[in-house]
Structures are given as structure tokens and as C-alpha cells.
Amino acid sequence: MTTKFEDYLNKFTESEWLAAIEKLLPAIHEVDRNAVQIWFRFYPLELFRYLQAAEDKTKAAQKFVLQGDYELKNQIDSSHRFLYGHRFWKETKAEIENRAASFNDETAGLSALIEEIARSVAEKLKADKSLTIGIAAIGLMTLAQVGLEAFKTAKGETEKPKGLLAKSPDQIVKERLKDDSQGVFGFLKTVNKKFTVVYDETERDAKFSIIHDEEIATGSARNQTKDWRAADERCWEGVVPVECRSAACGTCWVGVLGGEEKLSEVSRLERKQMKVFGYQQPEDDKPFLRLACQARTFGNVSIVIPPWNGVFGKKIYGVEDVELEPATTSAKKLRETIASGTSET
Ligand code: FES
């Protein structure tokens, strides 16, 4: 039997969750603004619900060509390790469990509930609320997908970041904007400029070199510093999983935490295919979800690699019949909202 709190969370559709996140975006620190939106695309509620309701879940997963670990129940404490707010997970998880125990249906809505939890955690830790909203939202969605019992069973452990995420939020944002120096005569260089792709901000050396105008997947393939396949069998070429290299399979999707403006614009093919795969890429020219075999780099970028991939857009979102609405505020609209200092939260 589910609790009142679970029943409340289960009332909302994926679109309503995304709308709540969109409403809260201006109040979320820039360090986690892309990250929280990426996380909600990495763990789509409608796909989860479809699989839960399927008579034969294994068959359904095969039909969607799901590869890798797509279930939150296996990664309750770790799915959000790429967020700055991950460090507040233990306290956020405890606060959500408190709310679940005392829930009486009197709440002003999903975004208000997320904010209340974020405020409470921030007060306890003397942290800024802008840093706890993202992890509070993720915690609630995690509970909605795994159920209260499993949620409570997780230990609430967090990893201490050793890489870029060990810095302050403002420093991280600044670092993401920087490009590698091209040397004293760098200004003379045209085609042979080199940049860096960071693929895990929590680790010091988790990066590879990339050439100006090269696809992320091509740079990833040159980095043979580890046996990538030993950790993830989808990674037969490099740290970024790939298969077709032609926007046909959906294996290489990545989230862009920073530097999305330094990537090539989304082509018509990439945009169409992202919908077919089911990856809810916003309608921006340079969104935070990309196919690594299509996105070319013109500067340093920071990415996060999802632990799974699949093709489910047709069944879950009906993309052949319906043109998907952009799920989030476009980057431009968001920048304007923040610049005007207007927050709807
Ligand atoms: S490798 Fe198949 S879509 Fe990029």
C-alpha cells in the first residue's frame, strides 16, 4: 500500500514535473541549472510508468532497445552525483522522509513543496537555498519512482568531489566558461585549435582533448587512457558510448553542464532523431542535451554521460503524430527572466 505522500507525488505527469522545474529555474544557482534539467531527462517519468505497467517489463525494455542502467532504484544515492547539490543529499533525503511521515495533503503545489524542502535543508546546513532546490526536486522524483520503502532503505551516502565540483559554485561556473589557451600565437591558429571536454566534473582527470570543429564522440574515441568497456560495455570506442555515429541509434546522448554555447547548432536531423529516441531536448539551437556524434566543439565544454540509452519517443511521447512542445523555457527566455530579476517562485 502506498502512503498519502506517494499518492500525492504520483498525481503529477512528467509535463507537470517539468513545469515545476521550469518555474523554479530562475531561483536555482547557475551551477546546477542545466544539471537539474538534464537529470529530469535522464530519468523520464513517463518511460518509468510505461515499463512499470508493462505485462512483460523485459520484453518492453527490449522493444525500446534499452541498454545500460535506466532504473533509479539501483542508483538512489548516486544518480545525481553530477550536481553541486549532491553534497546535500543526506540531509535532503532525511527532510523528504520527514515530510512523507507528516504529510496531510495541505500543500500549495509541487513547486511549493520542492521549495519548502529546499528551504528547510538550506536553513539546517546554513547553505544558500539556490543550491538545494535542484537536489530537493530530484529527491522527490526519485521517491516517486522508487517508492518510499526503497527510498528509506538507501543509505544517503554521498561522494566527496575531487575535480571541478570541489570548487565553489561561482568558481565552477567561471571555470566552465574558460577555453584552453592556444599559446602566444594562438590568435593565428584557425583549424588546429585544441580544446578540452570534461566528462566527469567530480574527478580530477576526467577529460579528453578535442580539435576545433570536431564531434565530441570523435575526441572521445582518441582517449584510450582506460579500458572503457570494462566499466560499461556500451563504451567500446571511448568514454562516450557510441554505435552508429550517424544519429541513428541514440547511444551517444549526453547532457551539457556548461559550454553548450560553444557547440555547433542542432541540425534538423539531430533535432528530429532526439524526438524519435525520446530524449526531451529543448527547442534551443544549442540545448543542454546533445548527440555526441553530431555536436561539434568550438571551445571547452563540460558534459555528463547518462548510464543508459534507448529508443522510446514514438511509444512514450507519440512523436510521429504530435510535435513535442519544448519542455523548458528556452535559454534565451530564461536569461531574460533572470536579467529582469523576476522569479515566479
Ligand atoms: S552514435 Fe548513434 S546516434 Fe550517435
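The values are calculated or read from the model by the stated rules, or taken from the named source; none is laboratory data. This one's a predicted model, so the numbers in the text were calculated from it and none came from an experiment. So basically every Cβ, Gly included, is an ideal-geometry build from the backbone, and we count neighbours across all protein chains shown.
Observations, loosely collected:
- Of the residues making up the stretch 72-103, those that are modelled with pLDDT of 95 or more, in a loop (DSSP other than H, G, I, E, B) and not small (Gly, Ala, Ser) number 7.
- Filtered residue count, the stretch 97-141, keeping only those that are over 18 Å from residue 24 (Cα atoms) and touching a helix residue (DSSP H, G or I) at 6+ places or on another chain (Cβ under 7 Å): 7
- Residue in the stretch 10-23 that is buried (at least 20 other Cβ atoms within 10 Å of the Cβ), over 23 Å from residue 253 (Cα atoms), among the small types (Gly, Ala, Ser) and modelled with pLDDT of 95 or more present: yes
- Matching entry among 249, 244 (being in contact (Cβ under 8 Å) with a residue 60 or more places away in the chain and near the ligand (Cβ under 6 Å from one of its atoms)): 249
- A single member of 53, 27, 35 is more than 30 Å from residue 171 (Cβ to Cβ), among the small types (Gly, Ala, Ser) and either at pLDDT 95 or above or outside the structural domain of residue 151 (by TED's automatic domain parsing) (or both), and it is 53.
- Residues that are surrounded by fewer than 22 Cβ atoms within 10 Å (Cβ to Cβ) and in a loop (DSSP other than H, G, I, E, B) were ranked within the stretch 252-274; the one that is farthest from the ligand (Cβ to nearest atom) is 265.
- The stretch 284-314, subset within 15 Å of residue 246 (Cα to Cα) and assigned to a strand (DSSP E or B), residue farthest from the ligand (Cβ to nearest atom): 296
- Filter result (in a loop (DSSP other than H, G, I, E, B), charged (D, E, K, R) and more than 21 Å from the chain's Cα centre (by Cα)) within the stretch 52-71: 55, 56
- The stretch 215-241: number of residues that are surrounded by 19 or more Cβ atoms within 10 Å (Cβ to Cβ), in contact (Cβ under 8 Å) with a residue 40 or more places away in the chain and not hydroxyl-bearing (Ser, Thr, Tyr): 8
- Residue in the stretch 187-207 that is within 14 Å of the ligand (Cβ to nearest atom), among the basic types (Lys, Arg), surrounded by fewer than 22 Cβ atoms within 10 Å (Cβ to Cβ) and in contact (Cβ under 8 Å) with a residue 24 or more places away in the chain present: no
- Test: residue in the stretch 77-92 that is touching a strand residue (DSSP E or B) at 6+ places or on another chain (Cβ under 8 Å), buried (at least 16 other Cβ atoms within 10 Å of the Cβ), touching a residue at least 24 places away in the same chain (Cβ under 8 Å) and under 25 Å from residue 41 (Cβ atoms): yes
- Against the list (1) at pLDDT 95 or above; (2) part of a loop (DSSP other than H, G, I, E, B); (3) within 11 Å of the ligand (Cβ to nearest atom), the condition residue 237 fails is (1).
- Taking the listed residues 106, 201, 115, the one that is in a loop (DSSP other than H, G, I, E, B) and assigned by TED's automatic domain parsing to the domain that holds residue 36 is 106, with no other qualifying.
- Cβ separations smaller than 9 Å between residues 6+ apart or across chains give the following pairs from the stretch 123-139 residues that are in the same structural domain as residue 31 (by TED's automatic domain parsing) to residues that are at pLDDT below 95: 133/345.
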